[in-house]
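Participant: Here's a structure for you.
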Amino acid sequence: MGCWATRFNLHLKAPSKVSVFFTMIILVTYVFYCLTGYCDLAPIPLHERRPTLTQLHQDRNASSQRDFLARFTEDEEEEETKHLSGNLSVSDSFGSKEFPQAIIIGVKKGGTRALLEFLRVHPDVRAVGAEPHFFDRFYDKGLEWYRNLMPRTLEGQITMEKTPSYFVTREAPRRIFTMNHNTKLIVVVRDPVTRAVSDYTQTLSKNPGLPSFQNLVFKNSSTGLIDTSWSAVRIGIYSKHLENWLRYFPLSRLLFVSGERLVTDPASEMERVQDFLGLKRLVTNKHFYFNQTKGFPCLKKPEGSSRPRCLGKSKGRAHPHIPSEVLYKLRDFYRPFNLKFYQMTGQDFGWK
Ligand SMILES: Nc1ncnc2c1ncn2[C@@H]1O[C@H](COP(=O)(O)OS(=O)(=O)O)[C@@H](OP(=O)(O)O)[C@H]1O
């Protein structure tokens with residue numbers, strides 16, 4: 001019995017020594033391969049994948065560029081709305097950085113942030129969060145600098161950005177045309193009177209000592225002549241700015257989104273936008289709900305998330321009271337330009 005037990009022990013010990021020996025060899029080989037960099041090829045779960053050194057370098061470059069841009073962006077919402085983006089958690093280590101195939105070029109205070117954030121819910125849209133301002137402010141940095149700001153995209157995905165000031169920048173159409181004459185251009189337009197008040201509200205929030213709206217809007221209050229040199233007024237002369245774009249792009253390359261309908265019926269505006277971009281209609285009614293407190297449509301929470309999906313407090317701000325006679329005068333001023341704009345675009349936006 002004892003002899004059998006000893007033999008049994010010996011029998012067990014011999015193979016375990018061999019297996020320890022082989023395990024050691026495998027471990028040493030693995031460590032050696034890792035040190036020489038080969039274990040990068042081993043399959044790693046998606047969420048643990050690390051970018052290569054070159055990617056790290058490029059991405060660090062891009063993020064310092066983004067930090068740089070964040071200081072210049074006028075869209076105060078950018079930081080606040082990062083959480084809104086449906087695909088922000090998507091890994092940025094796959095695919096390549098491409099020039100945008102579509103750009104939201106305007107208009108300031110039209111609802112551009114809402115449109116971009118709604119589009120980012122689409123799995124085939126990847127967009128840079130901050131406003132790059134490349135075609136107006138940073139053009140001298142060169143196209144490679146611009147491309148490096150973009151998120152990586154896979155085959156079939158669209159790269160996008162939004163910078164609302166492009167619409168009123170004289171050089172922007174030529175510059176975008178030079179980058180790619182097939183670029184799709186989206187303009188979110190809103191009643192120019194409300195837009196001007198919204199623009200004024202934003203400036204006022206940064207500079208509480210600003211003169212009143214009525215002081216700024218007239219060249220001379222007794223003549224009632226509108227001051228078109230004030231940017232809050234000038235931006236709303238959409239037909240004039242559009243002429244500049246039509247020198248380079250055919251109308252079919254532009255899509256005009258109604259800023260009003262983006263609020264009252266976001267799903268149907270999103271349908272038009274997705275069709276224009278050649279995307280499947282994946283962002284639909286079921287993505288939106290009307291938030292009573294905010295007074296605007298918000299994105300429904302994804303399952304398992306408790307984060308609010310409304311735009312931040314600088315979007316949908318209360319506007320100061322402007323005397324109605326001032327608004328009437330401004331409305332009269334814009335009327336002929338609006339009609340011209342409806343004629344040029346073939347769309348009646350219904351601004352009274
Ligand atoms: N869903 C939703 N939530 C909140 N706000 C919304 C939404 N859709 C459109 N809007 C309107 O967007 C206006 C701001 O426009 P922009 O994003 O183009 O502004 S900016 O130029 O980027 O600063 C903002 O203007 P104000 O109301 O004057 O704040 C809103 O009216």
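Participant: Give the residue, chosen from T203, T228, that is within 16 Å of the ligand (Cβ to nearest atom) and open to solvent by 40 Å² or more (accessible area, probe 1.4 Å).
Facilitator: Working: T228 fails: within 16 Å of the ligand (Cβ to nearest atom).
Matching residue, one of T203, T228: T203.
Participant: Right, here's the next one. Checking the condition within 12 Å of the ligand (Cβ to nearest atom) and surrounded by fewer than 22 Cβ atoms within 10 Å (Cβ to Cβ), which residue from D124, D136, D191 passes? Reasoning before the result, please.
Facilitator: Values: D124 fails: within 12 Å of the ligand (Cβ to nearest atom); D136 fails: within 12 Å of the ligand (Cβ to nearest atom).
From the options D124, D136, D191, the qualifying one is D191.
Participant: Kindly indicate whether L143 is open to solvent by 20 Å² or more (accessible area, probe 1.4 Å) and out of contact with any strand residue (DSSP E or B) (no Cβ under 6 Å at 6 or more places or on another chain). Explain how you work it out, then say what you get.
Facilitator: Details: open to solvent by 20 Å² or more (accessible area, probe 1.4 Å): yes; out of contact with any strand residue (DSSP E or B) (no Cβ under 6 Å at 6 or more places or on another chain): yes.
Considered against the rule, which asks whether it is open to solvent by 20 Å² or more (accessible area, probe 1.4 Å) and out of contact with any strand residue (DSSP E or B) (no Cβ under 6 Å at 6 or more places or on another chain), L143 comes out as yes.
Participant: Follow-up. Report the residue count in the range 206-225 for those that are surrounded by 13 or more Cβ atoms within 10 Å (Cβ to Cβ) and in a helix (DSSP H, G or I).
Facilitator: So the count comes out to 4.
Participant: Does E98 count as acidic (D, E), more than 16 Å from the ligand (Cβ to nearest atom) and either within 30 Å of H319 (Cα to Cα) or open to solvent by 10 Å² or more (accessible area, probe 1.4 Å) (or both)?
Facilitator: Working: acidic (D, E): yes; more than 16 Å from the ligand (Cβ to nearest atom): yes; either within 30 Å of H319 (Cα to Cα) or open to solvent by 10 Å² or more (accessible area, probe 1.4 Å) (or both): yes.
In short, yes.
Participant: Select from the range 156-179 the residues that are of a type in the set (D, E, K, R) and either crowded, with 20+ Cβ neighbours inside 10 Å or more than 16 Å from I235 (Cα to Cα) (or both) and list them in ascending order. So that I can check it myself, show each step before the final result.
Facilitator: As a first pass, look at the range 156-179 and keep what is of a type in the set (D, E, K, R): 161-162, 170-171, 174-175.
Listed by number, the residues that qualify are E161, K162, R174, R175.
Participant: Suppose the filter is farther than 30 Å from D275 by Cβ and touching a Gly at 6+ places or on another chain (Cβ under 8 Å); does F218 pass it?
Facilitator: Considered against the rule, which asks whether it is farther than 30 Å from D275 by Cβ and touching a Gly at 6+ places or on another chain (Cβ under 8 Å), F218 comes out as yes.
Participant: Taking interchain pairs and intrachain pairs at least six residues apart, which have beta carbon atoms under 9 angstrom, with the first residue in the range 105-121 and more than 18 Å from K184 (Cβ to Cβ) and more than 6 Å from the ligand (Cβ to nearest atom) and the second charged (D, E, K, R) and open to solvent by less than 10 Å² (accessible area, probe 1.4 Å)?
Facilitator: E117/E77
Participant: Separate question: Give me a count of the residues in the range 279-295 that are within 26 Å of A318 (Cβ to Cβ) and within 20 Å of the chain's Cα centre (by Cα). Steps first, answer last, please.
Facilitator: Our first condition is that a residue be within 26 Å of A318 (Cβ to Cβ); within the range 279-295, this holds for 288-295.
Narrowing further to those that are within 20 Å of the chain's Cα centre (by Cα): 288.
Looking only at that region, the number is 1.
Participant: Which condition number in (1) under 27 Å from P297 (Cβ atoms); (2) assigned to a loop (DSSP other than H, G, I, E, B); (3) charged (D, E, K, R) is the one that D136 fails?
Facilitator: Condition not satisfied by D136: (1).
The values are calculated or read from the model by the stated rules, or taken from the named source; none is laboratory data. Owing to the predicted nature of the structure, the values given are computational and were not obtained by experimental measurement. Cβ sites come from the backbone with ideal geometry, for glycine too, and all protein chains shown count toward neighbours. Keep in mind that these areas ignore ligands, DNA and RNA; they rest on the heavy atoms of the full protein, side chains included. Shrake-Rupley method; radii C 1.70, N 1.55, O 1.52, S 1.80 Å.
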